[in-house]
1. Given 0.36 nm per residue, what is the gain on full extension from Gln9 to Ala110 after removing their alpha carbon distance, in nm?
2. Between Asn241 and Asp59, what length in nm is gained on full extension when 0.36 nm per residue of separation is reduced by their alpha carbon distance?
3. So if R0 is 51 Å, what FRET efficiency would His83 and Thr2 give, r being the distance between their Cβ atoms, rounded to the nearest 0.05?
4. Which of the chymotrypsin sites (Phe, Trp or Tyr not before Pro) across the range 115-213 are loop residues per DSSP, with 14 or fewer other Cβ within 10 Å?
5. Could I have the simple spin-label model distance between Thr120 and Glu225, label points 7 Å from Cα toward Cβ, reported in nm to one decimal?
6. When a/c is below 1.5 the answer is rounded, else prolate if a/b is larger than b/c, else oblate, so apply that to the chain with a ≥ b ≥ c taken from the square roots of the Cα gyration tensor eigenvalues.
7. Just the accessible area per residue of the chain, please: how many Å² with a 1.4 Å probe?
8. Quick check for me: using +1 on Lys/Arg Cβ and -1 on Asp/Glu Cβ, what's the dipole size of the range 9-86 about its Cα centre, in debye to the nearest 20?
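The values are calculated or read from the model by the stated rules, or taken from the named source; none is laboratory data. Quantities reported herein were computed from a predicted structural model and do not represent experimental measurements. Here the Cβ positions follow ideal geometry from the backbone for every residue, glycine too, while neighbour counts run over all protein chains shown. The protein model used for the area step is the full one, side chains on, heavy atoms only, and it has no ligands, DNA or RNA in it. Shrake-Rupley method; radii C 1.70, N 1.55, O 1.52, S 1.80 Å.
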Amino acid sequence: MTTALSDYQPGPDLLQDRIILVTGAGSGIGAELAATLAAHGATVILLGRTIKTLEQVYDRIVDAGHPAPAIVPLDLEGATPEHYQQLAETLEQEFGRLDGLVHNAAQLGALTPVEHYDTTLWARVLQVNLNAPFLLTRALLPLLKKSSAASLIFTSASEIQGGRAYWGAYSVSKAGADNLMQILASELETNTPIRVNSLIPGPVQSQTRRTAFPGEDPNQHALIERILPAYLYLLGPDSENVNGQILQAQQDTLS
């Protein structure tokens, strides 16, 4: 009998003493994921551009009695390689290592024909969705290598499959991130403790989904909580042999 990723049942201490950074942690999937990781014992580093929303997630975690997270305000659109290096140095001093990194933050951009796509917006979407994950990963790899078993997750999207019309910069950036994931998985699988995968959340009741599909009935889709077991699986020890895969949180089964 096979078990769906979404039905994975982690132990309460699955991520005990693990240090995990989540981008876009102030709202949506990122906020729910951060709270869930903390509930399973992780010390979560909340990275996002809005301090107020990060503080709300911080308070939620602390009020629940879980390990106190850290807040890292950073605008991925404007961050430079120097900002990422400074972040790596700060995390080195504070924690000494990193056990997980989840690239969750993303910018949707516009759903419009390439012929009419605003060039400035195109650059912004690629900066947040592709360049930022590259720069952040590059800066944090030394810390991930200090873990005994680190997990790096890129968040992909079902809409990019096959190059669907009008998805423009979002589709290009996510496809590029999937390819970056595969490159990293191949480069790191032999001599490091790091495994690298992409996860497709699928349709959930989120603001991003409502923006992309304003005519949909949002209640037809799963709550964000439905996809969180897939992240827990990939960040915990039960997925120690999973590397270089693009998985679907609501469709795939456990390996």
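1. Using 0.36 nm per residue and subtracting the Cα-Cα distance, I get 32.7 nm.
2. 62.0 nm is the gain from fully extending Asn241 to Asp59.
3. Once the sixth-power term is evaluated, E becomes 0.75.
4. Counting only loop positions with at most 14 other Cβ atoms within 10 Å, the chymotrypsin sites (Phe, Trp or Tyr not before Pro) in the range 115-213 are Tyr166.
5. 4.2
6. Judged from the Cα gyration tensor, the chain comes out rounded (a/c under 1.5).
7. Value for the chain: 47 Å² per residue.
8. Charge dipole of the range 9-86: 60 debye, to the nearest 20.
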